[in-house]
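The values are calculated or read from the model by the stated rules, or taken from the named source; none is laboratory data. Just so you know, these numbers come straight off a predicted model, no measurement behind them. Every residue, glycine among them, receives a Cβ derived from its backbone with ideal geometry; neighbour counts consider all protein chains shown. Just so you know, the surface numbers come from the protein's heavy atoms only, side chains and all, with ligands and any DNA or RNA stripped out. Shrake-Rupley method; radii C 1.70, N 1.55, O 1.52, S 1.80 Å.
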Amino acid sequence: MRRIWLLTFGLWWTTTLSTAQTTPSAPQTDVPWQQVLMNVMNAEDETDGDWEELLLEMEELAAEPRDLNGMRRDEWESLPFLTPLQVEQLVEYRERFGAMKSMNELRMLTALDEPRRQLIRRLFYIGEEPAPGFPSLEQIARYGRHELMAYGRIPTYERRGDRNGYAGYRYKHWLRYQFSYNDYVKAGIVGAQDAGEPFFADRNGMGYDYYSVYCQVNHLGRIETAVVGRYKVATGLGLVLNNGFSLGKQAMLSQLGRSVKTLRAHSSRSTDYLQGAAATLRLSDKLTATAFVSYRALDATLNDDGTVRTLVSNGYHRTPTELAKKNNTHATEAGANIRWSHRRLHLGATAVYSHMDRSLEPPKTVLYRRYDPKGQDFANASVDYSYRSRRLSLSGETAMNQDGAVATLNSLSTQWEGVSLMALQRFYSYRYTALHARSVSNNGSVKNESGVMVGVTWTPTPRWRLTAYSDYSHAPWARYRVSRPSDEWDHLCQLQYNKGRWTVGTRYRLRQRQRDKTGTKTLEDYTEQRARLWVDWQDNTTWNTRTQVDATFKGGHGYMVSQTVGYSHGALRLNGGAGYFDTDDYDNRVYLLEQGPLHTFGVGQFSGRGLRYWLMARWQVGRQLMVTAKAGTTHYYDRSVIGSGLQQVDASSMTDIDLQIRWKF
């Protein structure tokens, strides 16, 4: 244990000393935007919300930086890390002073804090005032950009299912091609394969197990956005329709309850999407309308009579049982959203209808699933609303399903002189169901929950930032492992200090839940505590580091000490890190965010006692070719077998090698 501490401290101290001779006036390095985003969004826990979907969306923006001067209000509003006041100042500044000439002008916007300025600098560039009108086909064909990306993961170990059980080989890989011209046109195809799935065999005679084909056009006359193929739609606060990333409590606090309105092509590998055609039309300066139609196949576990017991969304098709569930159910869906905006006021309405070719019939004997969606036809409608001024922001959405059950989410926030306050109220009836709803909740679904959250963000000086919230919720019906009405408290406090190249932060979270007490008909309190301390350092040229300590107390205890280091010089980038963890059990697991190749998600969860370490190298060969390689190992000191079932590995360590090639032409 002592050696681990000495190794971690020595690595951090050596890195810091070796960079002390750098020149402050040198150009700023490309510090990982993921790290900046996590600090901005104040991620309460990497498992809350769909962080993978958020990071994939942001990676697309980072890979194809946008012209800051070409952004419209609705495009600023679709960014997840900006508050309503920040969007308002960005739009007003452009309207008053015209195109920005330098990123230094962002300092004129008092609502933007330094982390958000850093994020904008990494995701946007300053261009000329965009020419009006849609480009010609000749321009698109001549100046459009092609991108071909291939990725593969090679495990150096063998799972039990690789020997007998899985229909395919043990390698995970995917291929992605995309053509784009600025923000006007985007078209592409994604093919993906999970480890163990058949390739050009069995049910996958066309090659990959998963395909996504899409074509998106923006700013074509009155057509703001049109998509053919697979796409995602998000409206309001997500109570009826949200295929994008979910809005966790910290994200809502960061955005001060701002509503969502997006339509975009589905270019990732997630299984939550629509398929068909969709378009957003600008009917007037104040009125826009979005409409969509969709027909897609779904995976499902069937009852003996052919009805659907459970919809399956993990996307795995490795075994005969999993392959039998593939595409055995189909859904036809249609919907529309209309949105009216006038200055600081907006009103919207959404309606969605869904029809399944098999009836949904969840098990009646399972108490917590008694009010799950049932039948073949489903309908939802909602109204959303918001008002914003320089100091005040009000937003909300109220929805109803075909049975008359109601869900409503409302927030009120105010800002003045470094202080932001927000109150958020939610009521989701236990009878409310919506197939594509995703929003703030404790149980992962928009149903069976009512609660109130109060949050504050205080920035007394540019260097100090305090974020805190307290949330109480009540579930009037049974939940998983809870057979009667229950309550939950959730509290979080985070303090962050920035000075020059240093950032120091600490966070504490306390959650108190109720669960069934074994062998009785009563509930018992269940307390979870998590704490984190981190120190970030970055110079102006080459290096960035993070030292982090995590601790958890949940019946037992656990902790993790980790160190990451990034180095950039010319066309070469190196990334590495190590983390030692020691937990009593799985309930006390710890989480670690690590960088990976583009469009891959790197939040690992660890339990037991062991060491996680990795090294990644990225080499930009000219302007067109980029090669990335990563090797990561998880070694356990307390076991000789990892996992169970078909995923079991008969060893104490696992090493994966990731390879990626990106070619732009």
Exercise. Report, by residue number, each residue of region 455-467 that is surrounded by fewer than 17 Cβ atoms within 10 Å (Cβ to Cβ) and either of a type in the set (D, E, K, R) or farther than 26 Å from Val504 by Cβ (or both).
Key: Arg463
Quiz item: Quick one: which of Val549, Val565, Val535 is free of Cβ contacts under 8 Å to residues at least 24 places away in the same chain and either hydrophobic (A, V, I, L, M, F, W, C) or in a strand (DSSP E or B) (or both)?
Solution: Val549
Practice problem: Considering only region 108-125, state which residues are under 27 Å from His599 (Cβ atoms) and surrounded by 15 or more Cβ atoms within 10 Å (Cβ to Cβ). | Solution: Pro115, Arg116, Arg117, Gln118, Leu119, Ile120, Arg121, Arg122, Leu123, Phe124
Exercise. Kindly indicate whether any position in region 82-90 is over 26 Å from Ser439 (Cα atoms), buried (at least 18 other Cβ atoms within 10 Å of the Cβ) and in contact with a Lys or Arg (Cβ under 7 Å, 6 or more places away or on another chain).
Key: no
Quiz item: Could you say which residue among Gly608, Gly632, Gly604 is touching an Asp or Glu at 6+ places or on another chain (Cβ under 9 Å), surrounded by 17 or more Cβ atoms within 10 Å (Cβ to Cβ) and at positive phi?
Solution: Gly608
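Tally the residues that are under 30 Å from Arg513 (Cβ atoms) and touching a helix residue (DSSP H, G or I) at 6+ places or on another chain (Cβ under 7 Å), restricting the search to region 534-583. Break it down stepwise before answering.
Step one: filter region 534-583 for residues under 30 Å from Arg513 (Cβ atoms), giving 534, 548-562, 579-583.
Pick out the ones that are also touching a helix residue (DSSP H, G or I) at 6+ places or on another chain (Cβ under 7 Å) and you get 552, 554-558, 561, 580.
The qualifying residues number 8.
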Exercise. Would you please list the contacts, defined by Cβ atoms under 6 Å and residues six or more apart or on different chains, that run from a residue in region 115-127 that is farther than 11 Å from Ser102 by Cα to a residue that is assigned to a strand (DSSP E or B) and open to solvent by 30 Å² or more (accessible area, probe 1.4 Å)?
Key: Phe124/Arg66
Quiz item: Could you give every pair whose Cβ atoms fall below 9 Å, whose first residue belongs to region 292-313 and is closer than 16 Å to Gly375 by Cα, and whose second residue is part of a strand (DSSP E or B) and of a type in the set (Asp, Glu), counting only separations of at least 6 or pairs across chains?
Solution: Leu311/Asp299
Quiz prompt | Residue in region 196-203 that is among the small types (Gly, Ala, Ser), closer than 24 Å to Ala629 by Cα, assigned to a loop (DSSP other than H, G, I, E, B) and in contact (Cβ under 8 Å) with a residue 60 or more places away in the chain present | solution = yes
Self-check item: Residues located in region 467-484, provided they are assigned to a strand (DSSP E or B) and closer than 11 Å to Val366 by Cα
Solution: Arg479
Practice problem: List every residue pair whose Cβ atoms sit under 6 Å apart, with the two residues 6 or more apart in sequence or on different chains, where the first one lies in region 207-227 and is in contact (Cβ under 8 Å) with a residue 40 or more places away in the chain and over 30 Å from Asp194 (Cα atoms) and the second, anywhere, is of a type in the set (Val, Ile, Thr) and in a strand (DSSP E or B). | Solution: Glu224/Thr280; Thr225/Thr280; Ala226/Val217
Quiz prompt | region 163-176 - residue that is under 30 Å from Val213 (Cα atoms) and among the charged types (D, E, K, R) and, of those, surrounded by the fewest Cβ atoms within 10 Å (Cβ to Cβ) | solution = Arg170
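Among the residues of region 111-157, how many are outside any helix (DSSP H, G or I), within 30 Å of the chain's Cα centre (by Cα) and not hydrophobic (A, V, I, L, M, F, W, C)?
Counting residues in region 111-157 that are outside any helix (DSSP H, G or I), within 30 Å of the chain's Cα centre (by Cα) and not hydrophobic (A, V, I, L, M, F, W, C) gives 13.
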Practice problem: Mind listing just one residue for me: the one in region 330-382 that is among the aliphatic types (A, V, I, L, M) and open to solvent by less than 20 Å² (accessible area, probe 1.4 Å) and, of those, nearest to Ala405 (Cα to Cα)? | Solution: Val352
Practice problem: Could you tell me whether any residue of region 437-452 is surrounded by fewer than 20 Cβ atoms within 10 Å (Cβ to Cβ), closer than 30 Å to Thr110 by Cβ, under 23 Å from the mean Cα position of the chain (by Cα) and among the polar types (S, T, N, Q)? | Solution: no
